[in-house]
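Structure first, commentary second.
The values are calculated or read from the model by the stated rules, or taken from the named source; none is laboratory data. The structure presented is a predicted model; accordingly, all values stated were derived computationally and were not measured. Counting neighbours? That spans all protein chains shown, and the Cβs are built from the backbone with ideal geometry, glycine included. The protein model used for the area step is the full one, side chains on, heavy atoms only, and it has no ligands, DNA or RNA in it. Shrake-Rupley method; radii C 1.70, N 1.55, O 1.52, S 1.80 Å.
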Amino acid sequence: MNNRQLTITATIIAKPEKRELVKQSLLNLIPPTLKEKGCLNYDLHQDNNNPDCFFFYENWATRELWLNHNASAHIAAHKKKTVDAIVEVRIKELTALP
């Protein structure tokens with residue numbers, strides 16, 4: 001298992017009519033996530049040219065701790081709340097080069 005720091009980028013595309021619902025749900029993820037073990041940063045952005053597009057830039061101490069985050073109650077609640085509001089989610093796992 002790789003115990004190196006893991007960088008995550010997550011692109012979330014909301015349905016235009018559900019943009020505010022998705023935005024608020026994503027914002028609500030920030031406080032509990034920042035309290036999670038191994039979360040180094042969890043930064044949410046909104047695209048300046050496409051307001052339906054949101055982007056998380058995250059750093060985690062290890063991949064295992066990020067996987068724990070994905071199994072958390074607040075992520076499950078977010079997915080349930082936005083199941084019909086999101087067009088696409090793209091997640092990339094990245095490791096810095098030495």
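List of remarks:
- Residues located in region 17-37, provided they are surrounded by 15 or more Cβ atoms within 10 Å (Cβ to Cβ) and acidic (Asp, Glu): Glu36
- Against the conditions (1) outside any helix (DSSP H, G or I); (2) out of contact with any Asp or Glu (no Cβ under 7 Å at 6 or more places or on another chain), Tyr57 satisfies every one except (2).
- Residue within region 45-54 that is assigned to a strand (DSSP E or B), surrounded by 16 or more Cβ atoms within 10 Å (Cβ to Cβ) and at pLDDT 95 or above present: yes
- The residues of region 73-98 that are open to solvent by 80 Å² or more (accessible area, probe 1.4 Å), closer than 25 Å to Asn50 by Cα and not hydrophobic (A, V, I, L, M, F, W, C), listed by number, are Lys79, Lys80, Lys81, Asp84, Arg90, Lys92, Glu93.
- Applying the condition of being of a type in the set (S, T, N, Q) and in a helix (DSSP H, G or I) to region 60-92 and asking which residue is farthest from Arg19 (Cα to Cα) yields Asn68.
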